[in-house]
1. Polar (S, T, N, Q), in contact with an Asp or Glu (Cβ under 9 Å, 6 or more places away or on another chain) and modelled with pLDDT of 95 or more: does that describe THR310?
2. Looking at ILE263, is it out of contact with any strand residue (DSSP E or B) (no Cβ under 9 Å at 6 or more places or on another chain) and among the aliphatic types (A, V, I, L, M)?
3. Regarding ILE456, is this residue surrounded by 20 or more Cβ atoms within 10 Å (Cβ to Cβ), touching a residue at least 24 places away in the same chain (Cβ under 8 Å) and within 21 Å of ASN371 (Cβ to Cβ)?
4. Here are GLY265, GLY313: which of them is surrounded by fewer than 23 Cβ atoms within 10 Å (Cβ to Cβ), assigned by TED's automatic domain parsing to the domain that holds LEU228, on the phi > 0 side of the Ramachandran plot and not hydroxyl-bearing (Ser, Thr, Tyr)?
5. Please work out which one of (1) over 18 Å from ILE397 (Cα atoms); (2) of a type in the set (Gly, Ala, Ser); (3) out of contact with any strand residue (DSSP E or B) (no Cβ under 6 Å at 6 or more places or on another chain) is the condition ALA430 fails and give its number.
6. From the list GLN225, GLN208, GLN234, exactly one residue is surrounded by fewer than 21 Cβ atoms within 10 Å (Cβ to Cβ), in a helix (DSSP H, G or I) and modelled with pLDDT of 90 or more. Which is it?
7. How many residues, within region 61-88, are under 27 Å from the mean Cα position of the chain (by Cα) and polar (S, T, N, Q)?
8. Kindly provide the set of residues from region 257-271 that are touching a Lys or Arg at 6+ places or on another chain (Cβ under 9 Å) and in contact (Cβ under 8 Å) with a residue 60 or more places away in the chain, ordered by number.
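The values are calculated or read from the model by the stated rules, or taken from the named source; none is laboratory data. None of these values were measured; they are calculated from a predicted model. Ideal geometry is used to build each Cβ from the backbone, glycine not excepted, and the neighbour counts take in all protein chains shown.
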Amino acid sequence: MPFNTLFSWWIGRRMDRINDYRDQPLAIQARTLEFLLLEGAQTAYGKAYDFASIFNYPDFKSSVPLSDYGSLKPFIDRAIEGETDLLWPGATKWFAKSSGTTADRIKILPITESSLLENHYAGGKDLLAQYYHNFEGRKLYNAKHLIVGGTGKIEQQSHGVFIGDLSAIIINNLPIWTELRRTPKKEIALLENWEEKLDRMADSVLDQNICIIAGVPSWTLLLLQKVLEKSHKQTIAEVWPNLELYIHGGMSFAPYQQAFKQIIGKHDMNYVENYNASEGYFGLQDQIDNKDLLLLTNSEVFYEFIPMDTFEGLQSKEVISLEEVKEDTDYALVISTSAGLWRYIIGDTIRFTQTNPFRFVVSGRTAHYINAFGEKLIIEHADSALSKTCQAHGVQIREYTAAPDFTRSGEVGAHHWLIEFENEPTDLPAFCHTLDQQLKLINADYDAKRKGNINIGAPLITVVASGTFHRWLKQKGKLGGQHKVPRLQNNDALLQEILSCQ
């Protein structure tokens, strides 16, 4: 039996599991909580909160406090030193470095064998199974899969503990069937120097038969540009004619969509999104014509939600289960997982677009928004408005960030946007006006505050030189992989930092 036929049959067997996400998510979540509590009862954390006496969600919610990285860090630090049975039974050997959106504080999150196999790898296999189901007759196992990972440096501690980027941990532990198809070679994929890695990666994949690319949009786009430079081709389709799928996640694809379509140059290219963070794999796109993500309820993660209009961090009073969520409401995501994260506020916000089945979009971050004037501008609004503005003016951007500005003497404050363009608009004031109009259409609070320029003035746009954001990331030691530029801030400290890198 040909390899691709065998692979197609094997991966297709996962559709029963995926259909469970759609058909009985609440029953699965109840079983997931039961499993997590049973395992967690054997740990120091579980004993401290008497997991053995918890038999249902109301008891769980009333007995176990909400947590964040700060509250779990003492347990994580002890696990790194080799202590066992702290947050999850046994020893935890792998820890993923995560700085979210390039905050100064680095988080080091546990990755247990159970979470690696039954969550991260399981989610990846489910995504491929769903893709094979949606597009019959695929032959993805006949070609190479280009994985644009993060920094490959893995620090070995005492007691056999390893610390590195999630992508490096995943690459180092891939099953043989995946490793056979993955490119580039480990020695390149795990290079620490991102600039060297981009160059060597482009050289190594030029003559390969690539059918899948997976990676964060901003860094993947840089790699594709490097490939075109070296190949002297006009489009990626000329380099890799069998390329058919780009798997993306970690940040909104909207600002990059036009740039990808142009550089790839294939009208039948498929783009599939997933939601795979260092803390866990939570969602995947399961429909061809709808980008919303299906919530993965059977991946050793129990979900809770805090409505953002009542969010007060660890002091939040209103926390609900999946059964209670409503559509079109922004929630802070709370997770309990087989990595040993208990009632952990991950920092992302999501909004359900459907509750039968449970599909959602990632709407932003609990800490990244602008509300200096009561406008409640979230990342989803900014990404969407900027994407539509770029389309209207026929331009593309590389990176952007925005923050409130109060420096114009005698005038009301405004939003200050730093934008690095791939190709600049010919009429920047017109571009700025379109962006303002799009924000008004998307955000009613912004529209109300903009009336008469009484509360918020017209947006300010500063076009920064090519490479500015890259230099800032490099200065911060955040080149490559899952490192991202914070899109929105409530003060301009970060914006001024980036400006200083021009």
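1. Working: polar (S, T, N, Q): yes; in contact with an Asp or Glu (Cβ under 9 Å, 6 or more places away or on another chain): yes; modelled with pLDDT of 95 or more: no.
Answer is no for this residue.
2. Values: out of contact with any strand residue (DSSP E or B) (no Cβ under 9 Å at 6 or more places or on another chain): yes; among the aliphatic types (A, V, I, L, M): yes.
Against the criterion (out of contact with any strand residue (DSSP E or B) (no Cβ under 9 Å at 6 or more places or on another chain) and among the aliphatic types (A, V, I, L, M)), ILE263 qualifies.
3. Details: surrounded by 20 or more Cβ atoms within 10 Å (Cβ to Cβ): yes; touching a residue at least 24 places away in the same chain (Cβ under 8 Å): yes; within 21 Å of ASN371 (Cβ to Cβ): yes.
Yes: the conditions hold for ILE456.
4. Working: GLY313 fails: assigned by TED's automatic domain parsing to the domain that holds LEU228.
On inspection, the qualifying residue turns out to be GLY265.
5. (1)
6. Answer to the selection: GLN225.
7. Total meeting the criteria: 2.
8. ALA259
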